[in-house]
Ligand SMILES: Cc1ncc(COP(=O)(O)O)c(C=O)c1O
């Protein structure tokens, strides 16, 4: 019988050197903030993951590990089960330090200083910050909010910016961080077509893809066509779906054999071709044990309940805040312009000091997000309810 997992119980994370709680841990807050920012979950991992990690820890030998021989098989069957497709086995590679590290390597490998790299904005900050930091030029194509309230790509703007021929690479987050938008096959197909037409390599960061309900239909970029696969890097990690952020690992699909060889060479130079002993193990258990998939489906359903709670609360009690409907991920992008703050700093002051709730501030995702926040709903509903009440009380004080 399927176990019913408990996502309601609040587990104390204070005193565990949790990044989410660092303001508290480092004496920067007064112990009253409710953190709803960085993308990890307040939920205990699926039992088989905890058991496997404990068993390996008890072995007491933590020397250098290699990636196990059936890791790729487990990844392929996971892709098939969740997304209905799989890449060719030889296209699969990995980068132990994680997805952002992998993208930074490919950026430096495929572009030169001064080259242009495009992002759909707003977007996850490390993805665009690495561009100027490594001497490349960021080209922004602004996303728009459609009549249905969903985030949409402005394809005219995108094509106009790719057309010049001097954009070398573009990075997408799929699903989109911060809005949780699940890009459709049609939208991704148009991106792939434009990228091929104008000679732009696509990096598709799909780290949040596991946290999408199966019926919402995540489309991996490599699966669009052989040409799209050849012209892209698709990035995965069990990190987001299974709450393994502290284990730092990733699995990548890079179909072009020459680029893959060069990529692996670059990782070798940085001595990063070994794996993270617990990250690799936890990933294998996550992808391979059916009980973990049950945990994931229940976590997604619980967070869907949290999303609905948020939407209902805002509509009934806090209409100054407007949530963009989030189709996947445990993140929700919320328009706070109705609060009347003049800029993002004032909005941050409102959240941190008046409401005592700590979201990701929208300006971290680019200037288009100035009056938005991103809320992480992977928490107990009790915590969410408390946070919303605080925001309402502060807004109506
Ligand atoms: C879109 C996106 N990519 C990458 C990461 C981080 O990945 P990693 O820890 O594997 O570098 C995150 C974490 O929040 C993310 O939201």
Q: Return yes or no: is residue 161 part of a helix (DSSP H, G or I), more than 30 Å from residue 291 (Cβ to Cβ) and assigned by TED's automatic domain parsing to the domain that holds residue 221?
A: yes
(Q) Among the residues of segment 94-106, what is the count of those that are touching a helix residue (DSSP H, G or I) at 6+ places or on another chain (Cβ under 6 Å) and either farther than 26 Å from residue 74 by Cα or modelled with pLDDT of 95 or more (or both)? (A) 3
Q. In the list 23, 13, which residue meets the criterion of being in the same structural domain as residue 387 (by TED's automatic domain parsing), away from the ligand (no atom under 16 Å from the Cβ) and surrounded by 15 or more Cβ atoms within 10 Å (Cβ to Cβ)?
A. 23
**Q.** Filter result for the condition that a residue is out of contact with any helix residue (DSSP H, G or I) (no Cβ under 9 Å at 6 or more places or on another chain) and within 29 Å of residue 283 (Cα to Cα), over 129, 147
**A.** 129
Q. Mind checking whether some residue in segment 147-157 is out of contact with any strand residue (DSSP E or B) (no Cβ under 9 Å at 6 or more places or on another chain), at pLDDT 95 or above, on the phi > 0 side of the Ramachandran plot and surrounded by fewer than 17 Cβ atoms within 10 Å (Cβ to Cβ)?
A. no
Q: Taking residue 97 as the residue in question, decide whether it is assigned by TED's automatic domain parsing to the domain that holds residue 250, in a loop (DSSP other than H, G, I, E, B), within 12 Å of the ligand (Cβ to nearest atom) and over 22 Å from residue 198 (Cα atoms).
A: yes
Q: Evaluate the following for residue 135: is it over 21 Å from residue 235 (Cα atoms), modelled with pLDDT of 95 or more and assigned by TED's automatic domain parsing to the domain that holds residue 210?
A: yes
Q: Please give the number of the condition residue 282 fails out of (1) assigned to a helix (DSSP H, G or I); (2) closer than 20 Å to residue 206 by Cβ; (3) outside the structural domain of residue 74 (by TED's automatic domain parsing).
A: (3)
Q) Which ones in segment 127-137 are crowded, with 16+ Cβ neighbours inside 10 Å, within 16 Å of the ligand (Cβ to nearest atom) and farther than 16 Å from residue 363 by Cα? A) 130, 131
(Q) Taking the conditions exactly as written (surrounded by fewer than 18 Cβ atoms within 10 Å (Cβ to Cβ), closer than 22 Å to residue 24 by Cα, assigned by TED's automatic domain parsing to the domain that holds residue 301 and at pLDDT 95 or above), does residue 343 satisfy them or not? (A) no
Q) Considering segment 38-72 alone, what residues qualify as being assigned to a loop (DSSP other than H, G, I, E, B) and over 30 Å from residue 16 (Cα atoms)? A) 69, 70
Q. Among the residues of segment 220-235, is any closer than 20 Å to residue 96 by Cα and within 14 Å of the chain's Cα centre (by Cα)?
A. yes
**Q.** Some residue of segment 113-126 being within 11 Å of the ligand (Cβ to nearest atom), in the same structural domain as residue 249 (by TED's automatic domain parsing) and surrounded by fewer than 22 Cβ atoms within 10 Å (Cβ to Cβ)
**A.** yes
Q: Considering (1) in contact with a strand residue (DSSP E or B) (Cβ under 8 Å, 6 or more places away or on another chain); (2) surrounded by fewer than 21 Cβ atoms within 10 Å (Cβ to Cβ), say which one residue 312 fails and leave the rest.
A: (1)
**Q.** Answer residue from segment 242-291, given it is on the phi > 0 side of the Ramachandran plot and touching a residue at least 12 places away in the same chain (Cβ under 8 Å) and is nearest to the chain's Cα centre (by Cα) among those
**A.** 243
Q.
Could you go through segment 235-246 and let me know if any residue there is in a strand (DSSP E or B) and within 16 Å of the ligand (Cβ to nearest atom).
A. yes
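Just checking, does segment 248-260 include any residue being buried (at least 20 other Cβ atoms within 10 Å of the Cβ) and assigned to a helix (DSSP H, G or I)?
Within segment 248-260, not a single residue is buried (at least 20 other Cβ atoms within 10 Å of the Cβ) and assigned to a helix (DSSP H, G or I).
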(Q) Among the residues that make up segment 190-200, is at least one of them in contact with a strand residue (DSSP E or B) (Cβ under 9 Å, 6 or more places away or on another chain), closer than 30 Å to residue 293 by Cα and not in a helix (DSSP H, G or I)? (A) no
Q) In segment 73-83, is there at least one residue being in contact (Cβ under 8 Å) with a residue 24 or more places away in the chain and in a loop (DSSP other than H, G, I, E, B)? A) no
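The values are calculated or read from the model by the stated rules, or taken from the named source; none is laboratory data. Source: prediction; values computed, not measured. As a convention, Cβ positions derive from the backbone with ideal geometry for all residues, glycine included, and neighbour counts pool all protein chains shown.
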